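Rule-based calculations on the coordinates, nothing more; no lab input. Since the model is a prediction, treat every value here as computed from it, not as a measurement. Note: ideal-geometry Cβ built from the backbone for every residue, glycine included; neighbour counts use all protein chains shown.
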Amino acid sequence: SQQRLELMGALGRAIQGQQMVLYFQPKINLRDNQIYAFEALVRWQHPELGLIPPSEFIPLAEMSTLIYPLTRWVLEHSIRQCRAWHQLGFALGVSVNLSVRNLMDERIVADLRRMLALYNLPADALELEITESMIMHDPERALKVLDQLADLGINLSIDDFGTGYSSLAYLKRLPVRTLKIDYSFVCGMLTDKQDQIIVHSTINLAHNLGLYVVAEGVESAEVWAELKDLGCDAAQGFYLGVPMHARDSIDWLNSGIWSQKAKTD
Ligand code: C2E
Ligand code: MG
Ligand code: MG
C-alpha cells in the first residue's frame, strides 16, 4: 500500500539519520540473583509519531533489504554499548535479535568479526537470538551460517521457544547454547496448569540437552520464585528490569539490587 511504501522510505532515512534507539533489558541469573547480560531491543524515535515499537517496523524492514542496514546498526551499537559497560567495570554480555534474512546472508559472519575486532569485544560477550521459524525456513543454509558464528565464539540462543514448529532433530544439530521460553507460557504459569507443564518440561528438555534455559516475561516475584524451584537458569521481565535507555542502564547498574556483584573493580 501507499502508506506502507511511505513508511518504508522513512525507515530507510531513519536508519541513516540517527532515529533508531536501542533499549536494553537485563537478564538475571536465577542462582545468584545477579545480572549477566542485557538484551538490545530496537525502537524507532519518529519525529512526528513518537517512539515506534519493533513489531511495527521490523516486519517492514524484513520485507525489503532494509533489514540488512538495520541489523548492522543494531549489532554495531550493541557491541559498542557492551564495550562501554566493560570500560565502566561491568563485565556483562549483550544479546541481539536477528531476522530470518540475516541468517540467509553469509556476509554477517565477516561483518561481526570486523565489529568485534573494532570495538575489542570478546566474541563470547555477544549472543545472537534466533527463532525456530527462522531456522526451519531453510535449515541447511541457516546451519551453515550458525556454525560459522559459533566458530567465532559467539553464543547463540533460540528465542520464543515453544511457539514455532521446530524439529528436535534440528535442535540437536544446532550450535546453540540457550533456549528462551516464550513469555506466553511464563506469564500464565501460576494460573494455567498446562503452561506450568510446558515451562517445566522445557527446562528439563534444555537441561537434558546440555543447554542453558532463560524464561522471558517474568512479571512478578511469585513467578520468579516458581522458576527458581523448577531449576530454571535465568530470567528476564518487567519484575526484574524493564527495557531502558543506555544512559539509564548505567544508573540501574550503579544502584540496583540485581547488579551488586556485576561490578568487577
Ligand atoms: P523478543 O526478542 O522476544 O523480546 C521480548 C519482548 O518482550 C520485548 O518487546 C520486551 O520489551 C517484552 N518484554 C520484556 N519483559 C516483559 C514482561 O515482563 N512482560 C511482557 N508482556 N513483555 C515483556 P519489544 O521490545 O517490543 O520487542 C518485540 C520483538 O521485536 C522482540 O521479541 C524481537 O523479536 C523483535 N525485535 C526487537 N529488537 C529487534 C532487533 O533489533 N532486530 C530484530 N530483528 N528484531 C527485534
Ligand atoms: Mg529476543
Ligand atoms: Mg522472545
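DSSP loop (so not H, G, I, E, B), at most 10 other Cβ within 10 Å: list which chymotrypsin sites (Phe, Trp or Tyr not before Pro) in the stretch 148-234 pass both filters.
Tyr165
Based solely on C-alpha atoms, express the radius of gyration and the Dmax of the chain in angstrom.
That works out to 18.2, 55 Å for Rg and Dmax.
Tally Lys/Arg at +1 and Asp/Glu at -1 over every other residue whose Cβ is under 14 Å from the Cβ of Val214; what's the total?
-3
Among all stretches of the chain without exposed trypsin sites (Lys or Arg not before Pro) (DSSP loop, at most 13 other Cβ atoms within 10 Å), which one is longest?
The answer is 32-260.
Once the other residues with Cβ under 13 Å from the Cβ of Cys232 are scored (Lys, Arg +1; Asp, Glu -1), what is the net sum?
Local charge sum for Cys232: 0.
How far apart, in nm, are the 7 Å Cα→Cβ label points at Asp124 and Arg107?
3.1 nm
Which of the GluC sites (Glu not before Pro) found in the stretch 1-78 are loop residues per DSSP with 14 or fewer other Cβ atoms within 10 Å of their Cβ?
Answer in residue order: Glu48.
Label point 7 Å out from Glu6 along Cα-to-Cβ: which residues of the stretch 30-54 have amide N under 16 Å?
Within reach of a label on Glu6: 46-50.
Which net charge results when you count Lys and Arg as +1 and Asp and Glu as -1 among the other residues whose beta-carbon is under 10 Å from that of Tyr183?
Net charge in that neighbourhood comes out at -3.
For the pair Asp151/Asn254, report the inter-label distance in nm, with labels modelled 7 Å from Cα in the Cβ direction.
Going from the Asp151 label point to the Asn254 one covers 4.4 nm.
So which of Lys172/Lys193; Lys144/Lys261; Lys144/Lys193; Lys144/Lys180 end up more than 30 Å apart, counting from Cα to Cα?
Lys144/Lys261; Lys144/Lys193
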